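See structure below.
The values are calculated or read from the model by the stated rules, or taken from the named source; none is laboratory data. Predicted, not measured: the structure shown is a model, and the values here were computed from it. Note: ideal-geometry Cβ built from the backbone for every residue, glycine included; neighbour counts use all protein chains shown. Each accessible area value is taken on the protein alone, full model and side chains, heavy atoms only, with ligands, DNA and RNA left out. Shrake-Rupley method; radii C 1.70, N 1.55, O 1.52, S 1.80 Å.
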Amino acid sequence: MDFSLGPLSQNKYGDFYYESLNGLSFSKKSSEMVFEKEFASLAQQEEVLNIFVGTDSGLLYEYLKHKGDLPESSAYVFVELPEVIEQRQLKDIEDKSIFVVPVDFDLALLAVSQMKYVIQQRVRLVRSIGVLDAAPESYMRGLWTKIEADFNKFISQEMIALNSKPFVDAQLNNLADNTTPFISMKGSLQGTTALILGGGPTLDQSIEWIKQNREGVIIFSAARIARRLVKEGICPDFFVSVDPHDVSFDNSKGIFRFSEESILLNAYHINSNILSQWSGLKAYTGPKFPWIEKKDENINGPGPNVINTALHLAYELGCENFIFSGVDLCFPKGQAYESGSDEAQIGGSFMFAQVQKVVNNAGDWVNTQPRFALSRDMMEKQVARYSKENPELNFIHLSLDAARVEGINYIPQESISFTDNQETLFLIDQLRQKLDLSPQEITRNLLETKKLLEKQKRRFLELVNEAKGAVKLLPKLYKDGHEDSKVVKKVLKTKNKVNKLIDDDGDMLFHYDYSSFTGSFKHVSDEENMSQEQVSEQLHSFFSGVQNAAESFLDQLRRSELILKLREKELTDGSLKQLFEEWTRLEQYGRALCWQKWHGIPESEDDRVLIEESVGLFNDALQVTETKQVAELKKRSSNLQSLYKRLKKAFSERDFDDLSDSLQFLRSNSWTDVETVLKSELESLAEAMIFELQEQPAEALTAYLQVRSPVLRHDALKYALGVTTKAGDHNATLDILEQLCHFSLEYMVPYADMLDLMGSKEAASGVLEMYLQKHPEDAQTQLKQIQHLIDLQRFDQARQRLESFSQEETSTAYQKTLAGLAAQLP
């Protein structure tokens, strides 16, 4: 967007501001008055990192700079244009934790400099007045949209990084089955063409092309589209799966139909129910162990999306051409998933409350969700890196509707064709032979893993005991207000031992159970001169955090050990009756197929029956359609609150297409177990928003006023107020404001303003007086009433109230305003 900052303007209160950023927000009021009303409460909240989008021409920065009672435990980051930073001389004020960064600042850096707020989840994005008052197509609205998208990606990344427990638990559960590191395959498919398949809707456009060109490419498929590939009769060379969560098993069930033909490339933290029941060839990416192990060398699979992983693995295998289909990373034509998926059948893109914009290959702006956008950004970095390392690589997308990724060129699929490639088939066959491990090789791997696991069990048991002992010592640290030197010595000795036991795995343990350590990040104003209570609290937070995290980790090590022992029994021809009981307990009947691969068909009739029963139960589980995933999808897609947030965002961004799609979704038959009246009223609200965007104010107003539900009525009236105000219909505006007063007495102030505008200054002053009887603490309205009294020439009342206000009001925020009012008195 072309943007010119323009000159500074000045109001009668001496405030300098850029109209290009703040419009007329400060033309009639001092910035101090505006900020006191909007930000006074926010600025007083403790232990919060506030990220402001805009400094309001430097005025909001100055407001906080001169505010004497800012809490020491909070921090304030302003994101601003470089030219504003330079012209208004905005600098960091470290003693007040006020920082200024340019608009291209990488918010991820805050995870380092402001880590304690991120860990405590006390970070919020705040609109400056310039953003709050911004017109839909203005620079400030565009800046907010950009920073909000960056902020959502930043928070999403940090929450994933902090909460590593599901990933580490899966990693430990998978120790027995992660037998072949992917690094052993590196460079095995040199010079070949990779076709990378994702679950986006443009996959539908390429199905026939894939069938026709199957033999000339190596297919890397996301596991989640296996069911669609079964239906289409397309067998991929590789399935890629990374997600540790239970729903991953539900959406990946189709891969088990390909266990004889396809190779599973899995992240070390793949869902254990998938890996444990996969009887085919496989290789894992990333470290086998969560702790640092010298011999644990492997290739990582980058996220955040399985497609990022698939691209990287194809590159590491030596592929030189990369073709993408169904890798959309946006919502083509409002859709989010290929047509055969559960997501497409249930809710599609409407499962996402947060949406943002990206450009597609056709050059159009389309919706996406933060995780897709993050994946797109990562893919762009991947392609740039790979191309730098090998300029001969080619990256191609088959659809115009997919999100544009720099370095990936769109080429119509009609202009690309492949024929059978014997060299490719030979390379794949060689790779399969390399991955086909014998039972003896797997057993050796198990024994080595068991040995390392036993060592960690001893280590973490000792860590738990040391931390427990320290927690018991802490109440004795001070006696009669004085340190007990012997206890202090013991605590310090224990702390050194704990740190030695943790060694280089501190980050792992912290991220495994970060919530146990949040107390260690509480604000301390003077770390060098902490009180006895603060010292005890900090030490207790540390030792109890270590104890809790280590206990939880130790429990998981013991569960992992049981799985290793089970694998030993399976490999050494243990009792099938006992094995079947274990498979039943774990609900992993697919283990029977792994057993059968190692041992063949059982000799005894009883054992054959057990294997057949287990395989039958496994097949039954694969046929279940009412899964946890489906239940979760239905819950997400029928969440009216999330859809309402999306409607409001689409309207604020004047996104007609998304509003129309949302209305169509509301009118669809896919809704169950929701409040019918509320859904109907939400439809009316969506209709009103569409009418307003279509410049049909009368129809919009009628639709807004039809909304009667208390949950939506308040907002509907506010939107209606915008329509009547824009139309200049003072009587209708007054009527709506009167209705809004039933929701909050604060609307009495704009109600009075409207009376004043209509020439009823006397009535306006009376309304303000009634309001002030209920809210005498509202300093801004007190000042407004004084101005009314002056305008009505009630100078004695105005002077009396002004003197009373000056005596009671201790804040310096209104000095300019008070001086201006006093100057008007005779």
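Kindly rank 122-129, 507-514 from highest to lowest mean number of other beta carbons found within 10 Å of each residue.
122-129, 507-514
If you take all C-alpha pairs in the stretch 731-826, what percent of them are over 21 Å apart?
34 percent
Once you order the gyration tensor axes a ≥ b ≥ c over the Cα atoms, which shape class does the stretch 172-258 get: rounded for a/c under 1.5, otherwise prolate or oblate by comparing a/b with b/c?
Oblate, since a/c reaches 1.5 and b/c is not below a/b.
Compute the distance in nm between two label points, each set 7 Å from the Cα along the Cα-to-Cβ direction, one at ASN619 and one at ALA384.
Rounded to a tenth, the inter-label distance reads 5.2 nm.
Cα centroids of the stretch 392-429 and the stretch 667-738: how far apart, whole angstrom?
Comparing the Cα centres of the stretch 392-429 and the stretch 667-738, I get a distance of 49 Å.
If you wrap the chain's Cα atoms in a convex hull and average its projection over all directions, what's the area in nm²?
So the mean shadow area of the Cα hull is 42.7 nm².
Between LYS295 and GLU605, what is 0.36 nm times their sequence separation minus the Cα-Cα distance? Round to one decimal in nm.
Result for the pair: 107.2 nm of gain on full extension.
As a quick test, which of the pairs LYS165/LYS497; LYS295/LYS455; LYS718/LYS784 have an alpha carbon distance above 18 angstrom in this structure?
Over 18 Å apart, Cα to Cα: LYS165/LYS497; LYS718/LYS784.
Any idea what the dipole of the chain comes to, in debye rounded to 20, about its Cα centre with Lys/Arg Cβ at +1 and Asp/Glu Cβ at -1?
Around 1820 debye, computed over the chain.
How many percent of the accessible area of the chain is carbon or sulfur, using a 1.4 Å probe?
49 percent
Check which residues have an amide H placed less than 5 Å from LEU398's amide H, if you skip close sequence neighbours.
Those qualifying (amide H under 5 Å, at least 5 residues apart or on another chain) are PHE324.
LEU447 versus LYS597, label points 7 Å from Cα toward the beta carbon: distance in nm?
2.2 nm
Taking only protein heavy atoms and a 1.4 Å probe, what accessible area per residue, in Å², does the stretch 246-349 have with all protein chains in place?
30 Å²
Among ILE207, SER30, VAL487, which residue has its Cα positioned farthest towards the positive end of the charge dipole of the chain, with +1 placed on the Cβ of Lys and Arg, -1 on the Cβ of Asp and Glu, and the dipole taken about the Cα centre?
VAL487
Which residue, chosen from GLY303, ILE601, GLN157, occupies the Cα position most advanced towards the positive end of the dipole of the chain, where the dipole is computed from +1 (Lys, Arg) and -1 (Asp, Glu) charges on Cβ about the Cα centre?
ILE601
Using mean Cβ contacts within 10 Å as the protection proxy, how do 54-67, 640-653 order, highest first?
Highest to lowest by the protection proxy: 54-67, 640-653.
If R0 is 30 Å, what FRET efficiency do you get for ALA823 and LYS761 from their C-beta distance, rounded to 0.05?
My answer for the efficiency is 0.90.
Starting at the first residue of the stretch 678-689, write each ³J(HN,Hα) from the Karplus equation 6.51 cos²θ - 1.76 cosθ + 1.60 with θ = phi - 60°, in whole Hz, x for Gly and Pro.
After applying 6.51 cos²θ - 1.76 cosθ + 1.60, I find 5, 4, 5, 5, 5, 4, 4, 5, 4, 4, 4, 4 Hz.
Which ³J(HN,Hα) values, rounded to whole Hz and listed in residue order, are derived for the stretch 27-32 from phi using the Karplus coefficients 6.51, -1.76 and 1.60 in 6.51 cos²θ - 1.76 cosθ + 1.60 with θ = phi - 60°, glycine and proline given as x?
Going residue by residue, I get 6, 10, 10, 6, 4, 4 Hz, with x marking Gly and Pro.
Output wanted: per-residue J couplings in Hz (rounded whole) for the stretch 494-511, from phi through Karplus 6.51 cos²θ - 1.76 cosθ + 1.60, θ = phi - 60°, x for Gly and Pro.
Going residue by residue, I get 5, 4, 5, 5, 4, 4, 5, 5, 5, 6, 8, 9, x, 4, 4, 5, 4, 6 Hz, with x marking Gly and Pro.
Hey, what angle do you get for helix 628-637 against the long axis of the chain, alpha-carbon based, 0 to 90 degrees rounded to 10?
20 degrees
Evaluate E = 1/(1 + (r/R0)^6) for GLN121 and LYS12, where r is the Cβ-Cβ distance and R0 equals 41 Å; express this FRET efficiency to the nearest 0.05.
According to the calculation, E is roughly 0.45.
Report, by chain and number, residues whose modeled amide H sits under 5 Å from the one on VAL48, excluding near sequence neighbours (fewer than 5 apart, same chain).
Long-range HN contacts for VAL48: SER74, ALA75.
Which residue, chosen from GLY722, ILE396, GLY198, occupies the Cα position most advanced towards the positive end of the dipole of the chain, where the dipole is computed from +1 (Lys, Arg) and -1 (Asp, Glu) charges on Cβ about the Cα centre?
Positive-end residue among those listed: GLY198.
Around TYR268, which amide H atoms from residues at least 5 apart in sequence, or from another chain, sit under 5 Å from its own amide H, with H modelled in the peptide plane?
Correct list: THR285.
In nm, to one decimal, how far is the LYS774 label point from the THR584 one, both placed 7 Å along Cα→Cβ?
Using points 7 Å along Cα→Cβ, the separation is 6.7 nm.
Which whole-percent values make up P(r) of the stretch 1-96 when all C-alpha to C-alpha distances are grouped in 10 Å steps starting at zero?
The calculated distribution, bin by bin, is 14, 48, 31, 6.
Would you mind working out the accessible area per residue for the stretch 43-122, using a 1.4 Å probe, and quoting it in Å²?
Spelled out: the 1.4 Å probe surface of the stretch 43-122, per residue, equals 44 Å².
Go through 225-232, 736-743, 247-254 and give me the packing order, highest mean Cβ count within 10 Å leading.
247-254, 225-232, 736-743
Multiply the residue gap between LEU42 and ASN421 by 0.36 nm, knock off their C-alpha separation, and tell me the result in nm, one decimal place.
129.9 nm
So with the 1.4 Å probe, I'd like the accessible area per residue for the stretch 437-507, rounded to whole Å².
Value for the stretch 437-507: 67 Å² per residue.
Measure nothing but the geometry: give the 0 to 90° angle between the long axis through the Cα atoms of 605-623 and the longest principal axis through the Cα atoms of the chain, rounded to 10°.
With rounding to tens, the tilt is 30 degrees.
Using 0.36 nm per residue, how much length does the chain from LYS457 to LYS65 gain when fully extended, once their Cα-Cα distance is taken away?
Full-extension gain reported as 135.8 nm.
Grab the beta carbon distance between PHE3 and ASN394, set R0 = 30 Å, and tell me the FRET efficiency rounded to 0.05.
It comes out at approximately 0.20.
With respect to the cross-link table entries LYS12/LYS761; LYS450/LYS565; LYS294/LYS495; LYS472/LYS495, which display a Cα-Cα separation exceeding 18 Å?
Those over the limit are LYS12/LYS761; LYS294/LYS495.
Assign unit charges at the C-beta atoms only (+1 for Lys and Arg, -1 for Asp and Glu), then state the dipole size of the stretch 471-616 relative to its Cα centre in Debye, rounded to the nearest 20.
It comes to approximately 740 debye.
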